[in-house]
Amino acid sequence: MSCAPETAALVALLRAGKRNPTVYADLVEEAGSARAVLDDEQGLLAGQLLDAAAAEVTAWSGQGMELLTVLDPGYPANLRAVHDRPPLIFVAGRLAARDGRAVAVIGTRRPSPSGLDRARAIAQELVACGYTVVSGLAAGIDTAAHTTALAGGGRTIAVIGTGLLCCYPAKNAALQRQIPADGAVISQFWPDAAPSRKSFPLRNAVMSGMALATVIVEATHTSGARTQARLALAHGRPVLLVDSLLDQRWAAELASRPGTHVIRTPAEVPAVVERLTSTRTLVA
């Protein structure tokens, strides 16, 4: 079980360390202690680094952010099961046990009116069936998924590509503040981290890891949704494509891959997810 000193030790390790964060996730879990890994890597500097990290953790807590590490029992089980899980996540709001039944609904930032309608209908179906709706707080399809889940009295989780103290796009700042009241906003990045080209693919990996399945509503060949589809399949998580995408070559090719399923009506989404995930344990 993680405690405040262990959380601070992991922050210190990530601040000072030179390895990929996913490597630290493995090392910390194998050792059962972030402090042990910190001491091994930093030696006499460990105590000083730990003090500075503890001050940061206290400040973040005062700003309403919760830190969950891979040593915490509250770290999301779905995310823990994937090979590229982050060693810690920052949470605004609260994660709930029912968020284990989560489905990602994603797509283009520039949707058609019919694409928006499909996203809303899918989110409504998922909420009605007790699923948490996960998306990336982007403009377009993501925004429609989040707002529809909230309007329907459901839970939604936004996985963002910035730190919790930033918002991208800026026009979704009010939505980012609203979601924690009935769900959570989570980030794997330091709270003051600005958006970058590298941060969004990393965000997609966490979004896939949080969800039992990913639904792509509307997207083009340049969309980040394609990145998430690739990551989801690597995670062993199904990808659901709305059938209107099949006139695009990338989508038709994706539909032919094992683990991809074509959806023709919103009601099929929870039905297919239930069938694919209810009788097996998720694995990375």
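The values are calculated or read from the model by the stated rules, or taken from the named source; none is laboratory data. For clarity, every value in this text was computed on a predicted model and none was experimentally measured. All Cβ positions, glycine included, derive from the backbone under ideal geometry; neighbour counts span all protein chains shown.
Within segment 125-152, the set of residues being polar (S, T, N, Q) and outside any strand (DSSP E or B) comprises T143, T147, T148.
Considering segment 182-201, and only residues there that are assigned to a loop (DSSP other than H, G, I, E, B) and among the small types (G, A, S), the residue that is farthest from Q63 (Cα to Cα) turns out to be S196. The test for being assigned by TED's automatic domain parsing to the domain that holds G107, surrounded by 17 or more Cβ atoms within 10 Å (Cβ to Cβ) and farther than 29 Å from G64 by Cα does not hold for S256. Take the conditions (1) over 22 Å from P76 (Cα atoms); (2) in contact with a helix residue (DSSP H, G or I) (Cβ under 7 Å, 6 or more places away or on another chain); (3) not hydroxyl-bearing (S, T, Y); (4) not in a loop (DSSP other than H, G, I, E, B); R257 misses just one of them, which is (4). For R237, indicate whether it is surrounded by 18 or more Cβ atoms within 10 Å (Cβ to Cβ) and among the basic types (K, R). Considered against the rule, which asks whether it is surrounded by 18 or more Cβ atoms within 10 Å (Cβ to Cβ) and among the basic types (K, R), R237 comes out as yes.
Taking the residues in segment 80-124 that are assigned to a loop (DSSP other than H, G, I, E, B) and hydroxyl-bearing (S, T, Y) as candidates, determine which candidate is surrounded by the fewest Cβ atoms within 10 Å (Cβ to Cβ). For segment 80-124, the residue satisfying everything is S112. Scoring L175 on the criteria (1) touching a helix residue (DSSP H, G or I) at 6+ places or on another chain (Cβ under 8 Å); (2) surrounded by fewer than 20 Cβ atoms within 10 Å (Cβ to Cβ); (3) more than 21 Å from T132 (Cα to Cα) leaves a single failure, condition (3). When the criteria are applied in full, T58 fails the requirement of being assigned to a helix (DSSP H, G or I), within 18 Å of R80 (Cβ to Cβ) and among the hydroxyl-bearing types (S, T, Y). The set of residues in segment 217-249 that are under 16 Å from G115 (Cβ atoms), in contact (Cβ under 8 Å) with a residue 12 or more places away in the chain and in a helix (DSSP H, G or I) comprises G224, A225, R226, D243, S244, L245, L246.
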